[in-house]
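Written out below as structure tokens is the structure these notes cover.
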Amino acid sequence: MKKQFLIYSAMVAILAVGCAPKSEVKKEEKTDEAKALAFGVPKGNKLSAAMKRAMAWPERDNSWFIEYEVEPLKGDLAYEEGVVRRDPSSILKIDGLYYVWYSKSYGPTQGFAGDMEKDKVFPWDRCDIWYATSEDGITWKEMGKAVERGQKGAYDDRSVFTPEAFTWGGKYYLTYQTVKSPYTVRVIECVALAWADSPHGPWHKSEAPILSPSQNGEWEGTEDNRFKVKSKGDFDSHKTHDPCVIPFKGKFYLYYKGERMGEEITWGGREIKHGLAIADKPEGPYIKSEYNPISNSGHEICVWPYKGGIASLITTDGVEKNTIQWSPDGINFEIMSVIPGAPHAIGLNRSADNEKEPTEILRWGLTHTYNTPDYQSILRFKTWRKTFHSAKGESSARK
Ligand code: AAL
């Protein structure tokens, strides 16, 4: 038993040192006995399964834990009935002005019961990518279309949506989702790229998608039903979504969400995982990582560089939803904190000093909300570190 405990303790120590960002590796690791006492385990007691898990977590560090609230935007991005504005990109600060790109469409959604050639099947169907600017991140001025759907017959002729933005080498890049008409249930969704010399465009679109689903499952029958499969294939066999490129370690890391043919409900949510594809140049080619999938949960991608690695806020689906994770290499992520309810579809403020502390980049940013099932609008969120809990009227002072 004692030997087992020693082997387990060694594993825990390796895990803790291996996982923690460099700055947080304490010079002197506490002994397991000291750790157990710090957790309030009575001296000499055995460790329950829960306490073994607690001891395997990185050093008790509160800096990854946040609370948040959302507020409506003002100006052109305030909620407008009849208009969909959703899935904001990262916010770039250029010459003192904030820029955001987003999906925009008009009118109600009919869904999949009618004519998929003519109807609008989702709020993100029949979208173009628009952009807006702001001096304070609260009041926004809509500037017009950035990237439009392609001509009939093109790979992006039906909808271009869910953009992300980054800059590199003096150029501006947008990555986004594409769909070719008709927008059926079984249609594949790909990722494309556009680039420009100015945030105001003109934008040059990639001739073909830069990332596509693996499509290595097999549909059963010809009914337009995504649950009927002979085989499911990889985690991204059906759709590749929510692209976000981070320049990292001299390469370009494209994080994305994979949807699977024959998707099921697992762990109480949709069967969703994140993938990574890496390129030497911003325009690609992007090669899917041999470590894919790099998450077991999640939905929209929300990733940022921190302490030489990559942090990721995982929301919505899967057993690890509502956690912030960190990896030293952009691939092997460990849970750092749990964030109840975490905002979705986040557009991060890329001008933040994100090395200041783990969640500095989350101090404020953009998210979206469903005002009605048909219409969504962009909101601002703000977060703060959770540092105390006290009853009404009770002092929160510790000394
Ligand atoms: C979002 C994103 C993608 C999906 C749809 C629009 O939450 O995951 O963008 O395709 O919903």
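Compared with the dominant Cα axis of the chain, that is its longest principal axis, helix 2-19 is turned about 40°. Only Lys, Arg, Asp and Glu carry charge here, each on its Cβ (+1 for the first two, -1 for the last two); on that basis the chain has a dipole of about 1440 debye about its Cα centre. Given axes a ≥ b ≥ c from the Cα gyration tensor, I'd like to know whether region 198-346 is rounded (a/c under 1.5), prolate (a/b larger than b/c) or oblate. Since a/c reaches 1.5 but b/c is at least a/b, the shape of region 198-346 is classed as oblate. Rolling a 1.4 Å probe over the protein heavy atoms gives the chain an accessible area of 48 Å² per residue. Which residue, P163, P182, P209, tops the fluctuation ranking in a GNM of the chain built on C-alpha contacts under 10 Å? Result for the chain, Cα springs under 10 Å: P182 fluctuates most. Measuring nothing but protein heavy atoms, the accessible surface of region 112-200 at 1.4 Å probe radius is 53 percent carbon and sulfur.
Of the accessible area of region 273-399, computed with a 1.4 Å probe over protein heavy atoms only, carbon and sulfur atoms account for 52 percent.
Based on the alpha-carbon gyration tensor of the chain, what equivalent-ellipsoid semi-axes (square roots of 5 times the eigenvalues) come out, in whole Å, largest first?
Working: eigenvalues 296, 131, 85 Å².
Sorted largest first and rounded, they come to 38, 26, 21 Å.
Please check: in the Gaussian network model of the chain (C-alpha springs, under 10 Å), which one of I378, I94, I66 has the largest mean-square fluctuation. Maximum fluctuation in the GNM of the chain, among the listed residues, is at I94. Scalar couplings 3J(HN,Hα) for region 331-337, obtained by applying the Karplus form with A = 6.51, B = -1.76, C = 1.60 to θ = phi - 60°, are 10, 9, 8, 10, 6, 10, 7 Hz; x denotes Gly and Pro.
The values are calculated or read from the model by the stated rules, or taken from the named source; none is laboratory data. Note that the structure is predicted; figures quoted are calculated from it, not measured. Because the Cβ atoms are built from the backbone with ideal geometry, glycine has one as well, and the counts that use them run over all protein chains shown. Keep in mind that these areas ignore ligands, DNA and RNA; they rest on the heavy atoms of the full protein, side chains included. Shrake-Rupley method; radii C 1.70, N 1.55, O 1.52, S 1.80 Å.
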